[in-house]
Each structure stands twice: as C-alpha cells, then as structure tokens.
Amino acid sequence: MKAKVHVTLKQGVLDPQGKAVLHALEALGFGGVKSVRQGKFIELDLTETDPKKAAAAVEAMCKKLLANTVIEDYRVDISEG
Amino acid sequence: MKAAVIVFPGSNCDRDVQVALRESSGSEPLMVWHREAALPDVDLIVIPGGFSYGDYLRSGAMAAHSPVMKDVVAKSKKGVPVLGICNGFQVLTECGLLPGVLMPNAGLKFVCKDVHVRTEAADTPFTQGYNEGQVIRIPVAHHDGNYFTDEDTLKRLNDQGRVAFRYVNEDGSKGNGANPNGSMDDIAGILNKSRTVLGLMPHPERLSDPAMGGTDGRAMFDGLVQALG
C-alpha cells in the first residue's frame, strides 16, 4: 500500500513562510491570492496490504514523528500500491 | 559535578560546552554518542546546540528519537537535571520533556548576534548563579527559536514561574526589537514542572571566558557546580 501524508500548520498558527510566498506572488503581479499556507508532503511505500491496518500504522507514525501535533495537522490518504 | 554531553551527528556546540563545564567544574565531562543505549550515572545531562540530523523533518525531531534519548528521558524523570541549549532546547520539546515547540523565526532569517535576557527564575540549579531580574548579555544563533505553545500552557508556564529567561533590552525594558525571533511572550528559556529541566535558545557557553569577549554565561555553569557538587 502507499500512504500520502500532508502535514500542515494548524489554523491560528502563524505561517511566516506562507506569508512570504504570498508577498512574493503579489510582487510578481499575481493578484487574487487571499492567503498561502505552506506544508509538507510525505510519501510512504508500505509492506502492509490491509488498508485499515495501514491507515492505523501511518496514523501512529504521524503522531510519533511525522507531525508535531502542537502546531501541525496531518491528513493521511491510503491507496493501493 | 559529573556531567554528560550528548553528541548527535550535526551537533556543533558540544565541544564548546565541554570546555565550559570543564572550566567550571574542574572535571572532564563525558561525551556520549547518540547511539549509546544507556548513560552512566551523572549529576547533569547537557544536550548541546547544533543542527542534529541536519534539522531534517523539524529541528530536533530526529534527535528526539535517537537511542540515547530513551535513557535521557528516563533519567530526567528520576530527577537528573537536564540542560538543553539551542538545538538542545528543540530536542527537549520534541521528546516531550518540555512543552511547546520552536518554530522558524518570525523574520525567516537565521539570527546570529548578542542579545539581552532577563533572569526570571533564579531558584533552579541552572540559574542560581544569577539574581532574579538580572539582565545578562548572551549570544543567540538560530533559525528556529520562535517559541510557541497553546494559551493554557503559556498561562501555566507564567503562573508557575517556569519562564527562566525573557528577551529584553539592555536596560531590562521590553519591546523595541529586543525579541530576536518573534517568540511568544519574549520567552528565551523555560523550565519543566519540577524545575530540573531547562531549555534555552541563547548560548551561555559562548560567553563563558574573558577571551570570548564576555563572561555572562559562566554563572550558569558555576551555579550548576555549586548546586550539584
């Protein structure tokens, strides 16, 4: 199975990098962007073949290492390898 | 005082703190490689500054799960004092010994300069070399020093007197750019509940000898020797 993990800053946590990207876009003449939030994308190739077990395993990985839940949210998408 | 300094791949202040500990205590600190499964019995554990594991994923995140950290956490729970400086502070938040997290600096730039901090808690082994309210000059050198936590935890830190150091101007006043990184409530260093763990972004070891241009950091190591024998 494959897992795609998106790690993003929680709402309410200031994202200076996103803000800088927003300003850079404006400076380049790209109008119409209300806000930018920057995050991480992590792709995992798993030996597990059961989608439920895979989801549970990746959930544990997110809590323990992949995300810092003080400031970050994560979203896991499991798909057939 | 017998101290252990944990060395990760990418640590770069380990030898600076080794010298500072040696100068203050007169005995040689143990340098412990991160792959060791256990630490010998020591009076103090120091997690030094640097860029452990190249700051991969998040600064301090990989080091927090290094083999040796299990024993650091276990010993800390038994009351052995733990000092985390800069990257060491980041490791301590990532492994759960201290609350909150060190986010990228608000200005998005690496900040390397001398700043002033006010001693907010002088009743710990780490800070007893200072007087409460004493302002000291101390270097910072970091990209991720922007302390953040939830409102409840912040209130708890303040109510329990667990903010050890706060960024201030030379005269002790707040504001006017005294805070180099956007850190919440100007926090430069915090303690755990039992006041046996201190994490701080500034580097006391970098101003601990007249040859370095200042000695304001030395009192931390002298105080530790006084407290821990």
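Collect the residues in region B:178-211 that are more than 21 Å from B:Cys95 (Cβ to Cβ), in a loop (DSSP other than H, G, I, E, B) and touching a strand residue (DSSP E or B) at 6+ places or on another chain (Cβ under 7 Å), keeping them in residue-number order. Selection gives B:Ala178, B:Asn179, B:Pro180, B:Asn181, B:Gly182.
Among the residues of region B:100-123, the ones that are surrounded by 20 or more Cβ atoms within 10 Å (Cβ to Cβ) and within 14 Å of chain A (Cβ to nearest Cβ) come to 6 in all. Within the option set B:Asp216, B:Asp209, being closer than 15 Å to B:Ile85 by Cβ, of a type in the set (Asp, Glu) and more than 13 Å from the chain's Cα centre (by Cα) holds for one residue only, B:Asp216. Here B:Glu36 clears all of (1) farther than 18 Å from B:Ala141 by Cα; (2) without any contact (Cβ under 8 Å) to a residue 12 or more places away in the chain; (3) away from chain A (no Cβ under 14 Å) except the condition numbered (2). Close Cβ contacts (under 9 Å, 6 or more residues apart or on different chains) running from residues in region A:28-52 that are closer than 17 Å to A:Val76 by Cβ to residues that are surrounded by 10 or more Cβ atoms within 10 Å (Cβ to Cβ) and among the polar types (S, T, N, Q) comprise A:Gly39/A:Thr8; A:Lys40/A:Thr8; A:Pro51/A:Ser79. Within region B:155-179, how many residues are of a type outside the set (D, E, K, R) and open to solvent by 20 Å² or more (accessible area, probe 1.4 Å)? Total satisfying the criteria: 9.
Residue-by-condition table, conditions (1) modelled with pLDDT of 95 or more; (2) within 13 Å of chain B (Cβ to nearest Cβ); (3) out of contact with any Ser or Thr (no Cβ under 7 Å at 6 or more places or on another chain):
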{"site": "A:Asp15", "(1), (2), (3)": "no, yes, yes"}
{"site": "A:Lys34", "(1), (2), (3)": "yes, no, yes"}
{"site": "A:Arg37", "(1), (2), (3)": "no, no, no"}
{"site": "A:Ala67", "(1), (2), (3)": "yes, yes, yes"}
{"site": "A:Glu80", "(1), (2), (3)": "no, no, yes"}
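I'd like the residue in region B:124-160 that is within 15 Å of B:Ala188 (Cα to Cα) and hydroxyl-bearing (Ser, Thr, Tyr) and, out of all such residues, is farthest from the other protein chains (Cβ to nearest Cβ). Per the criteria, the residue is B:Thr127.
So that you can scan it fast, the table gives a plain yes or no per residue for (1) part of a loop (DSSP other than H, G, I, E, B); (2) of a type outside the set (A, V, I, L, M, F, W, C):
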position: B:Asn105; (1), (2): yes, yes
position: B:Ala122; (1), (2): yes, no
position: B:Glu132; (1), (2): yes, yes
position: B:Tyr147; (1), (2): no, yes
position: B:Leu157; (1), (2): no, no
position: B:Asn176; (1), (2): yes, yes
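Within region B:125-141, is there a residue that is in contact (Cβ under 8 Å) with a residue 24 or more places away in the chain and more than 24 Å from B:Gly213 (Cα to Cα)?
The first filter runs over region B:125-141 and keeps only residues in contact (Cβ under 8 Å) with a residue 24 or more places away in the chain, leaving B:125-130, B:133, B:135-141.
With the extra rule that they be more than 24 Å from B:Gly213 (Cα to Cα), the set shrinks to B:125.
Looking through region B:125-141, at least one residue is in contact (Cβ under 8 Å) with a residue 24 or more places away in the chain and more than 24 Å from B:Gly213 (Cα to Cα).
The set of residues from region B:1-16 being of a type in the set (A, V, I, L, M) and under 17 Å from B:Leu228 (Cα atoms) comprises B:Met1, B:Ala3, B:Ala4, B:Val5.
The values are calculated or read from the model by the stated rules, or taken from the named source; none is laboratory data. Fair warning: this is a prediction, and the values are worked out from it, not measured in the lab. Note that we place each Cβ from the backbone using ideal geometry, even for glycine, and neighbour counts take in every protein chain shown. The area values use the complete protein model at the heavy-atom level, side chains included, leaving out ligands, DNA and RNA. Shrake-Rupley method; radii C 1.70, N 1.55, O 1.52, S 1.80 Å.
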